[in-house]
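> Sharing a structure here in structure tokens format.
Values in this text are rule-based calculations from the coordinates and carry no lab data. Predicted, not measured: the structure shown is a model, and the values here were computed from it. Glycine also receives a Cβ, built like all others from the backbone with ideal geometry; neighbour counts cover every protein chain displayed.
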Ligand code: UDX
């Protein structure tokens, strides 16, 4: 199959490289010349494990290329994917669809022969109908079908998620699109991945429902963690105790500083808006959004409390981890964006380190001192805070950390260490939802 992928952001680039690896001929198109130059030079605009090698191998194999001008690729494509950004619109939280609609117009002008137009971008229910209307209005003679095919990729594990997904969801209204989509994903038959064909609106909603449910699950365990602290219970055992029930499932029950990232915050908000507009409000998700926002803001207070007060004047805080989760350089809606400014507002000096995210962090975090490594960040600090669970923070030389700190205080917002171990090593240690005493 010939594929044109419009947008070489996170989703477009990973999906394009993986489809090429499936054996299809893929052109990834982007309006940003620096991105295309970078990609043609073999450099990745994002950090994702395994992506650089996958891209290189498929470029060498002649199945993957990058282009500033998508005309040729779109003209010859069996399937054109729209994988452009859908940021939250400033002001009202609705998804901003201007890039999606601009792509639809470009596609309308170019397609030849029967073409399947696929939205990979996360778009509100009804967007497929609008894309169809736009193309039809511009090119009444065009022969095409519009399909919804949401992605469920996690950053840091995106290639594995694409090649070994739990399921693929395809929403269509025109049956002619079905064999094209089945052929695109044919290699997944090998591992018996279910491909769920639904109506287009249903497929669009599945994506939001999945993300909202996961965000709610995390928020649930975070509230349980607060309750555990209040009543002297252990949230990790609660998570395991409920997670072993297959109806609940053990994943996404890890308590922490609140969810962040490019999807959950944006998609929950967009779902709330869509539901409100449709006259069918989703109150559980409204509350999830509120509780999570408040949680991220409350984390700085835990640091002050660990030092025995409610302010941090004259104190130095070492912050380990700035990205919203490990194995990414993505800072979008990361808890650090709330935590660092709040610490500074309480009077602290913040010395931070992140293995991959410092370049991005420097663009969005004011007043933070960036250090070259975890020990450099810890040196001379009154307290060390683990904010993102990068592997290297799980394996810190704790004796060295203790020597470098002014006083041995750790606030572990990801429950990386064990309270009894830390106490035995002489730390004043607080974590999330676990009893202070064994
Ligand atoms: C998510 C979805 O998992 C993916 O299916 C969708 O396509 C895009 O959004 P991603 O944002 O990359 O993926 O990260 P994910 O690993 O899901 O984590 C999201 C946030 O939740 C992170 O801030 C993470 O730290 C937090 N989280 C996750 C928890 O706090 N606890 C958990 O148990 C799991």
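> Could you sort the peptides 53-59, 118-124, 202-208 by per-residue average Cβ neighbour count (10 Å cutoff), highest mean leading?
Numbers: 53-59: 17.7, 118-124: 24.6, 202-208: 21.6.
In decreasing order of mean packing, 53-59, 118-124, 202-208 become 118-124, 202-208, 53-59.
> Can you give me the Cα centroid spacing of the range 66-87 and the range 143-185 in angstrom?
Cα centroid of the range 66-87 versus Cα centroid of the range 143-185: 16 Å apart.
> If the viscosity is 0.692 mPa s and the temperature 37 °C, what Stokes-Einstein diffusion coefficient in µm²/s follows for the range 298-342 when Rh is the Kirkwood radius over Cα pairs? List each step's numbers first, then the result.
Details: Rh = 11.5 Å.
After rounding, the answer is 285 µm²/s.
> Here's a follow-up. Over all directions, how big on average is the projection of the convex hull of the alpha-carbon atoms in the chain, in square nanometres? Mind dumping the intermediate values first?
Values: hull surface 88.2 nm².
Quarter of the Cα hull surface area: 22.0 nm².
> Please work out the ratio of the alpha-carbon Rg of the range 240-430 to 2.2 N^0.38 Å and round it to two decimals. Present the calculation step by step, with values, prior to reporting the outcome.
Values: Rg = 17.7 Å, N = 191, 2.2 N^0.38 = 16.2 Å.
Relative to the rule-of-thumb radius for its length, the range 240-430 sits at 1.09.
> To the nearest 0.05, what FRET efficiency results for residue 248 and residue 143 with a Förster distance of 35 Å applied to their C-beta separation?
Values: r = 47 Å, r/R0 = 1.34.
Once rounded, the FRET efficiency stands at 0.15.
> Something else now. Under a 10 Å cutoff between Cα atoms, tell me which one of 32, 96, 330 has the largest fluctuation in the Gaussian network model of the chain.
32
> A follow-up question, please. Show that you can apply the helix-only estimate: for the chain, add -39,500 (n - 2.57) for every DSSP H stretch of four or more residues, divide by all residues, and state [θ] at 222 nm to the nearest 500.
Numbers: 18 runs with 193 residues, N = 438.
Rounded to the nearest 500, the figure is -13000 deg cm²/dmol.
> Next question. Once you keep just the Cα pairs under 8 angstrom separated by 6 or more residues, what percentage relative contact order results for the chain?
Working: 874 pairs, mean separation 50.3, N = 438.
After rounding, I find 11 percent.
> I would also like to ask the following. What do you get for the angle between helix 200-231 and the principal long axis of the chain? Use alpha-carbon atoms, 0 to 90 degrees, nearest ten.
Value to nearest ten degrees: 10.
> Taking 0.36 nm per intervening residue step and subtracting the Cα-Cα distance, what contour gain separates residue 167 from residue 345 on full extension?
Details: separation 178, 0.36 × 178 = 64.08 nm, distance 4.51 nm.
This chain segment gains 59.6 nm when fully extended.
> Most mobile of 283, 428, 247 per a Gaussian network model of the chain (Cα springs, under 10 Å)?
Largest GNM mean-square fluctuation: 247.
> What would the Debye equation give as log₁₀ I(q)/I(0) for the range 2-198 at q = 0.11, 0.14, 0.15 Å⁻¹, counting only Cα atoms as equal point scatterers?
-0.46, -0.77, -0.89
> Something else about it: Taking 0.36 nm per residue of separation and subtracting the Cα-Cα distance, what length does fully extending residue 34 through residue 105 add?
Numbers: separation 71, 0.36 × 71 = 25.56 nm, distance 2.34 nm.
Using 0.36 nm per residue and subtracting the Cα-Cα distance, I get 23.2 nm.
> May I pose another question? Modelling each spin label as a point 7 Å along the Cα-to-Cβ direction, I'd like the residue 186/residue 403 distance in nm, to one decimal.
Here the modelled spin labels are 6.2 nm apart.
> What distance in nm separates the simple spin-label points at residue 294 and residue 428, each placed 7 Å from Cα in the Cβ direction?
According to this spin-label approximation, the distance is 2.8 nm.
> Share of antiparallel DSSP beta bridges in the chain, in percent to the nearest 5? Can you show the working numbers first?
Values: 3 of 46 bridges.
Percentage antiparallel, nearest 5: 5.
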